[in-house]
Amino acid sequence: MSENKVSRRNVLKLGAAGAAAFLGSTLLNPGSWFQRPALALTKQDVHQALGHQLHEGMKHGYDPGTVVTEGLKRAREALTQFDYGKVSRTADGRTLREYDITAFEGSVEIAKGISFPGWLYNGTIPGPTLRCTEGDLLRIRFHNASSHPHSIHFHGIHPTDMDGLEAVMPSKSFTYEFEAKPAGMQVYHCHVAPLARHIHKGLYGNFIIDPKKPRAAAKEFNMVMNGYDLDLDGENEVYTVNGYAFAYQQEPIKVKAGELVRIYLSNLTEFDPINSFHLHANYFNYYATGADPEARPYFTDTIMQCQGERGILEIVFPTPGRYMFHAHQSEFAELGWMGFFQAE
C-alpha cells in the first residue's frame, strides 16, 4: 500500500477525535472522496488539517458536536421506526400485511459533511424495518427504479420462488408473497451478484417476525451494524449503527433505570468477517436469532455476529447513569461505532 494512500488504517492512527475531524475537514469537501479511488495526502497535509488533535488519540469523552444533520435525524428515527405495513384481512380471516419497497440510487449522509453514493431501499441505509407476526400473510411489492438489477432476499422460511434469487431488472417490479415464519429476528438484503457490492452499497434492513404469544413489554430499539468503503478499495473507512457515525454518542439513547430494554440487532457489515456489540457497566440477555422467547438466553456483556447474523438483546439498567456501548473491535469503535445509553 502506498504511503500516501488513505485507508481505514491510516485514519485509525488518528484516533476517534482525529478521525472525525479528518472525515469532516475541508480536505473532504462533499463529493471529493468519490471523484478518485483514493486521496493522496502527505503527512504534512494531515498534520496541518488536524493540528493538536493528531496527538489526542481516542477519548471516551469525545464530543462529536451539537449540529443535528439530516443523516443524524435518520439514524435517530431508525431506532424506533417499525413498518407494520398496510393491514387488512383475507377472505379466510388471515392477517394480510402489504409493503411497498423501491430501490434507487441516491446519496446519504453518514457523518457531518460526508455523503455516501448508495443503493437504497425506500431512500435510506439501512432500509425500513419490516415487522409482522408469525402466521401473517406478507405481500411485498418491489419496484426497481435504479439502473442496476436488484432483488430482495428475506431470511426465514418461504417458497423458493419467493427467495429473491432472480434479479428484478431496472424499471421492473415483482411481488413477494409468503407466510411470515418462523418467529424471530430476521434480515433482508439484495441477492444479486456481485453480492458484496450490492450489500455494501446499502440494500439491506431488519425484518422482525413477532411470536404469536407477545414478548414481555419493553422499550424497544432497532439497530443495524454496517460499514462504508468510501474509496472502493474493499476496506471500510467508517463504521456505524443505523447508518451514521457516532450517532448515539452525540445524543445518548434515553432509557429508564429498572425498565426492560429490548434491542433488535443485526450485522450487515461487508468486507469484515464479524462485527460485535459490547455494553459497559452492565450485562444483557442475548437470544441468538430470537426465535424462541422461552429459550435460555446467553448472559453476557459482549456478543459477535457474522454478516447476516442477528439476535435480540434484553437489558435492564440497574441505576441511573451513562452506559457506553460499542463494537469490541477497537478499530470499528474509533471509526464511528460508539454510543451511550442514558439511564434516568
(request) With just the Cα atoms of the stretch 283-327, tell me how far they stretch along each of the three principal axes, in Å, largest first. (result) 31, 25, 11
(message) Can you give me the C-alpha center-to-center distance between the stretch 265-313 and the stretch 315-344, rounded to a whole angstrom?
(response) 14 Å
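Share of antiparallel DSSP beta bridges in the stretch 134-281, in percent to the nearest 5?
On the way: 21 of 28 bridges.
Counting only bridges with both partners in the stretch 134-281, antiparallel ones make up about 75 percent.
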(message) Quick check: the distance between the Cα centres of the stretch 111-149 and the stretch 204-251, to the nearest angstrom?
(response) 13 Å
(request) For the stretch 207-263, compute Rh as the Kirkwood radius over C-alpha pairs and then the Stokes-Einstein diffusion coefficient at 37 °C and 0.692 mPa s; write the answer in µm²/s, rounded to an integer. (result) 232 µm²/s
(message) Please report, in whole Å³, the volume per residue of the convex hull around the C-alpha atoms of the stretch 138-229.
(response) 110 Å³
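Roughly how large, in nm² to one decimal, is the mean projection of the convex hull of the alpha-carbon atoms in the stretch 74-119?
Result: a mean projected hull area of 4.6 nm².
Which of the peptides 110-118, 331-339, 77-85, 264-272 is most tightly packed, and how do the rest follow, going by the mean number of other Cβ atoms within 10 Å of each residue?
On the way: 110-118: 20.9, 331-339: 25.0, 77-85: 16.6, 264-272: 23.4.
Result, highest mean Cβ count within 10 Å first: 331-339, 264-272, 110-118, 77-85.
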(request) Take peptides 141-147, 210-216, 186-192 and line them up by average Cβ neighbours within 10 Å, highest first, as a rough protection proxy. (result) 186-192, 141-147, 210-216
(request) Considering only protein heavy atoms, with the full assembly of protein chains and a 1.4 angstrom probe, order Arg89, Arg310 by accessible area, largest first. (result) Arg89, Arg310
(request) Taking all pairs of distinct Cα atoms, average 1/r, flip it, and tell me the Kirkwood hydrodynamic radius of the stretch 175-240 in Å to one decimal place. (result) 14.6 Å
(request) With a 10 Å radius around each residue's Cβ, average the other Cβ atoms per peptide and rank 320-328, 235-243, 159-167, highest first. (result) 235-243, 320-328, 159-167
(message) Counting C-alpha atoms alone, how compact is the stretch 222-344: give Rg to one decimal and Dmax as a whole number, in angstrom.
(response) 14.3, 45
(message) For the stretch 129-282, I need the span (max minus min coordinate) of the C-alpha atoms along each principal axis, in Å, sorted largest to smallest.
(response) 49, 45, 24
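Over the stretch 177-217, calculate the relative contact order: mean separation of alpha carbon pairs under 8 Å at least 6 apart, over the residue count, as a percent.
Values: 40 pairs, mean separation 19.6, N = 41.
Taking the mean separation of contacting Cα pairs over the length of the stretch 177-217, I get 48 percent.
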(message) For Ser173, what accessible surface area do you get with a 1.4 Å probe? Give it in Å², rounded to 10.
(response) 80 Å²
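How large is the convex hull of the C-alpha atoms of the stretch 245-291 per residue, in Å³? It would help to have the intermediate numbers written out before the result.
On the way: hull volume 5.8 nm³, N = 47.
With only Cα atoms used, the stretch 245-291 gives 124 Å³ per residue.
The values are calculated or read from the model by the stated rules, or taken from the named source; none is laboratory data. Since the structure is predicted, the reported quantities are computational estimates derived from the model, not experimental observations. Virtual Cβ from ideal backbone geometry, glycine too; neighbours counted across all protein chains shown. Side chains are part of the model used for accessible areas, which takes the heavy atoms of the whole protein and leaves out ligands, DNA and RNA. Shrake-Rupley method; radii C 1.70, N 1.55, O 1.52, S 1.80 Å.
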